[in-house]
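The structure under discussion appears below in the form of C-alpha cells.
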Amino acid sequence: MTRALFVTEHGDRSVLAVRGHDVPAPAPDEVQVRVVATGVNFIDVYKREGVYPGPTPFVAGEEGAGTVEAVGAEVSDIRPGARVAWASGAGSASELVNVPAAAVVPVPDGVDLPQAAAAMLQGMTAHYLVESTYPVREGDIALVHAAAGGVGQLLVQLIVAKGAQVVATAGTADKLAIASRLGAQHTIGYHDFDGKPEELAAAVRDAAGRGVDVVYDGVGQATFDASLRSLRPRGLMALFGAASGQVPPFDLQRLNRLGSLFVTRPTLASYIATREELLWRAGAVLSAVERGSLHVDVSASYPLDEAGAAYEALEGRATTGKLLLTP
C-alpha cells in the first residue's frame, strides 16, 4: 500500500486525510515515479474546494519530482532511474505516482529534486507571464503583487534580469525587504490601503512615475481594482491567481474608461500545450536554477501527515517562497 494525501470530499482543510491505496503498474504512456517532494499550490486548494469541480475522493497534488521506477510499454525516451519533475501530474501528493510521460521533464544534475519540485509550476508560470503573456522589455515598468510569494519572487528576478523596473507589493515589511533584495526598485505595503484601491493605485503611479505597462496579479479580489487603476493607457493586466478570492464579474466598459486596457486570465496549461513548449519552459527555468541566476526559495517542507498545516500557511498568505510536502 502506498500512502497518499486524499481529498475525501469538497471543503476546507478538514477534508484532507492520509490513506493507503494501491498504485497500479504504469499505463503504456506513463512513468511510475517514487516521489521525493510535492509542490503545495493554490490549484490544490481550488480543486479541494470544488472551484475546479471534479469527483471525490481523489489524491491531492499536481506538481512534484522524483525518480522513475518503471515505464509503460510505449515509453522509449525515459528509463528507470531517471530524475524527473512535472507540473501537471494528478495525485502527486503520494509516495508513488503514475504520471503521463509527456508531462515529465528531465532534472539537470546540478538541481536537487526538492528544488525541481519547487521550481516547476511557479517557475514556468513566471516564465510564461514575462516571456509570452506580456513579453517584458528593457525600460518597462511592471507591478508585481505578493512579490515575496513563490511566483512573485521569481517574477521579480525575471523582470529585473530583462532590464525592467518592478513596483512590488506585499503585506509586511519583511516581505517587502525580500522583494527589494531580489531587485525590486519600488516597494509598497498594500495592507496600508485595505479597501482603498484608488489610493493604492496612486501610490503605485507615484512610485513608478507613471502608469505601469503590465500588472502581474495573483492576489485577485483584494487587488483587482487597484491593478486596473495602476495601468497606463493600453496597459495589460495578467490575473493569474486568486489568493484573496475570485474576482466577481465586472463591467467591460471600465476598460474603455481607464484607457483601452487589456485584461487576461491565463493559466499554465495553455502555455505548455505542446511537448516542445513544456521542454522549452521547464528547460529555461531549471537551467537558470542550475546556473544560480534564478533563486528558488523553499520556505518550508511538511510531511504528508502535516499537510493541513502547509495549506493553512498557504491560504493564510503567511508564507514567503515555496512550500513542499515530503512523502
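The values are calculated or read from the model by the stated rules, or taken from the named source; none is laboratory data. Only a predicted model underlies this, so the values are computations on that prediction, with no experimental measurement involved. Ideal geometry is used to build each Cβ from the backbone, glycine not excepted, and the neighbour counts take in all protein chains shown. To get the accessible areas, we keep the full protein, side chains included, count just its heavy atoms, and leave off ligands, DNA and RNA. Shrake-Rupley method; radii C 1.70, N 1.55, O 1.52, S 1.80 Å.
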Exercise for review: With the condition kept exactly as written, say whether any residue in the range 141-156 is assigned to a strand (DSSP E or B) and either out of contact with any helix residue (DSSP H, G or I) (no Cβ under 7 Å at 6 or more places or on another chain) or among the hydroxyl-bearing types (Ser, Thr, Tyr) (or both).
Suggested key: yes
Check your understanding: Based on what the data block shows, is ALA142 surrounded by 24 or more Cβ atoms within 10 Å (Cβ to Cβ) and under 24 Å from SER287 (Cβ atoms)?
Key -> yes
Review point. Between a first residue in the range 292-314 that is open to solvent by less than 30 Å² (accessible area, probe 1.4 Å) and a second residue that is aromatic (Phe, Trp, Tyr), which pairs have beta carbons less than 8 Å apart while being 6 or more apart in sequence or on different chains?
Key: ALA310/TYR302; LEU314/PHE42
Revision key, fill the gap. Output for Cβ contacts, cut-off 7 Å, separation at least six or different chains, first residue touching a residue at least 40 places away in the same chain (Cβ under 8 Å) in the range 153-181, second open to solvent by 30 Å² or more (accessible area, probe 1.4 Å) and assigned to a strand (DSSP E or B), reads VAL167/HIS186
Review point. For the range 224-249, which residues satisfy the criterion of being touching a residue at least 12 places away in the same chain (Cβ under 8 Å) and surrounded by fewer than 14 Cβ atoms within 10 Å (Cβ to Cβ)?
Key: PRO233, ARG234, GLY245, GLN246, PRO248
Review point. With respect to VAL18, is the statement that it is touching a residue at least 40 places away in the same chain (Cβ under 8 Å), surrounded by fewer than 20 Cβ atoms within 10 Å (Cβ to Cβ) and part of a strand (DSSP E or B) true?
Key: yes
Point to revise | Criterion: more than 19 Å from ALA313 (Cβ to Cβ), at pLDDT 95 or above and in contact with a helix residue (DSSP H, G or I) (Cβ under 7 Å, 6 or more places away or on another chain) - qualifying residue of THR8, THR38, THR56 | key: THR8
Practice item. List the number of the failed condition for GLY123; all other conditions in (1) of a type in the set (Gly, Ala, Ser); (2) free of Cβ contacts under 8 Å to residues at least 24 places away in the same chain; (3) under 21 Å from ALA282 (Cα atoms) hold. Key: (2)
Review point. Of all residues in the range 163-201 being out of contact with any helix residue (DSSP H, G or I) (no Cβ under 7 Å at 6 or more places or on another chain) and of a type in the set (Ser, Thr, Tyr), which is surrounded by the fewest Cβ atoms within 10 Å (Cβ to Cβ)?
Key: THR172
Exercise for review: Scan the range 145-162 for residues that are open to solvent by 40 Å² or more (accessible area, probe 1.4 Å) and β-branched (Val, Ile, Thr) and jot them down.
Suggested key: VAL160
Practice item. Search the range 185-197 for residues that are under 19 Å from VAL212 (Cβ atoms) and pair each with any residue that is open to solvent by 90 Å² or more (accessible area, probe 1.4 Å) and not in a strand (DSSP E or B) when their beta-carbon atoms are under 7 Å apart and the residues are at least 6 apart or on different chains. Key: PHE193/GLU199
**Study point:** Selection status of VAL136, buried (at least 24 other Cβ atoms within 10 Å of the Cβ), at pLDDT 95 or above and assigned to a loop (DSSP other than H, G, I, E, B)
**Key:** yes
